[in-house]
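Data block below; observations after.
The values are calculated or read from the model by the stated rules, or taken from the named source; none is laboratory data. None of these values were measured; they are calculated from a predicted model. Here the Cβ positions follow ideal geometry from the backbone for every residue, glycine too, while neighbour counts run over all protein chains shown.
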Amino acid sequence: MTRGRILLVEDDQALVELIDFHLTKAGYETKRTASGDEALLLVRESTPDLVLLDWMIEGTSGIEVCRQLRRMPQTKNIPIIMLTARGEETDRIRGLDTGADDYITKPFSPKEMLARVGAVLRRVRPALAGETLTFEDLEMDVATYRVRRGGRPVHLSPSEFRLLRHFMESPRRVFTREGLLDTVWSEGSDLDLRTVDVQIRRIRRALNEGGQPDLIRTVRSAGYALESAGGG
């Protein structure tokens, strides 16, 4: 299983090749673009686990891409690391205030870049820190494929387990049906979007047995998110 899906938005081709080589070698799956406009399209098509975003790119700037991602419900929680030659404190503060989670000033070493990526992903994807995922009263043992809610065993099919795991690795993030279909069932499968809805209904039925509050929120015209029963 990949360590994470990363969208690299950078127009320096030599740097792109260097970053892509080290990310791939470290076990990450990457997509690349030099365009801010295309980056926004790619994120909507398939939600990445993290965006490495250059400040100065053609068309829509990196800072504006960051701002737009933070405005949209389905992308507002995606971790973003800014890459830039701007090293002034005011620029760093501006990037962070816009919504970036971290900031790497060029030139940087591949080792530093991987450390920053790993640190950010560990904060938002508990699976990277261990084999047990927890959210509210929900617990998933990734190694043994066991799920419990409030201490009660929850029985899921393999595809339902994969789908719930995806949610638990990035709680509160909104995932589109298209993105879930590509991620959980593999890109290019013959299944349609209704498959996601059916699986969500089955997971809800299993999790909410006995009248427990629903932890999966339906986001109209967007998709689904794992959230606290009260919406927090």
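Would a scan of the range 158-172 turn up a residue that is in contact with a Ser or Thr (Cβ under 7 Å, 6 or more places away or on another chain), at pLDDT 85 or above and in the same structural domain as M56 (by TED's automatic domain parsing)?
Taking every residue of the range 158-172 in turn, none turns out to be in contact with a Ser or Thr (Cβ under 7 Å, 6 or more places away or on another chain), at pLDDT 85 or above and in the same structural domain as M56 (by TED's automatic domain parsing).
Of everything in the range 133-180, what is of a type outside the set (A, V, I, L, M), in a strand (DSSP E or B) and surrounded by 21 or more Cβ atoms within 10 Å (Cβ to Cβ)? Give them in sequence order.
The initial filter retains those residues of the range 133-180 that are of a type outside the set (A, V, I, L, M), namely 134-137, 139, 141, 144-146, 148-153, 155, 157-162, 165-167, 169-173, 175-179.
Those left that are additionally in a strand (DSSP E or B): 134-135, 139, 141, 146, 148-149, 152-153, 175-176.
Answer for the range 133-180, where residues must be of a type outside the set (A, V, I, L, M), in a strand (DSSP E or B) and surrounded by 21 or more Cβ atoms within 10 Å (Cβ to Cβ): F175, T176.
Of all residues in the range 62-73, how many are part of a loop (DSSP other than H, G, I, E, B) and surrounded by 18 or more Cβ atoms within 10 Å (Cβ to Cβ)? Walk me through how you get there before you give the answer.
Of the range 62-73, the ones part of a loop (DSSP other than H, G, I, E, B) are 72-73.
Right, trim to surrounded by 18 or more Cβ atoms within 10 Å (Cβ to Cβ) and you get none.
So the answer is 0.
Scan the range 32-53 and tell me whether some residue there is aliphatic (A, V, I, L, M) and closer than 15 Å to K106 by Cβ.
Checked against the condition, which is being aliphatic (A, V, I, L, M) and closer than 15 Å to K106 by Cβ, the range 32-53 yields at least one hit.
Determine whether the range 45-56 contains at least one residue that is assigned to a helix (DSSP H, G or I), at pLDDT 90 or above and not β-branched (V, I, T). Steps first, please.
Of the range 45-56, the ones assigned to a helix (DSSP H, G or I) are 45.
This time we only want the ones that are at pLDDT 90 or above, so: none.
Checking the range 45-56: not a single residue is assigned to a helix (DSSP H, G or I), at pLDDT 90 or above and not β-branched (V, I, T).
Restricting to the range 1-44, name every residue that is in a helix (DSSP H, G or I), touching a residue at least 40 places away in the same chain (Cβ under 8 Å) and closer than 24 Å to W185 by Cα.
Result: L23, R44.
What number of residues in the range 43-61 are surrounded by fewer than 18 Cβ atoms within 10 Å (Cβ to Cβ) and not basic (K, R)? Reasoning before the result, please.
Of all residues in the range 43-61, those surrounded by fewer than 18 Cβ atoms within 10 Å (Cβ to Cβ) come to 44-45, 56, 58-61.
From what's left, not basic (K, R): 45, 56, 58-61.
The number of residues fulfilling the criteria is 6.
What's the total number of residues in the range 181-222 that are closer than 24 Å to E139 by Cβ and either modelled with pLDDT of 85 or more or part of a loop (DSSP other than H, G, I, E, B) (or both)?
Total satisfying the criteria: 21.
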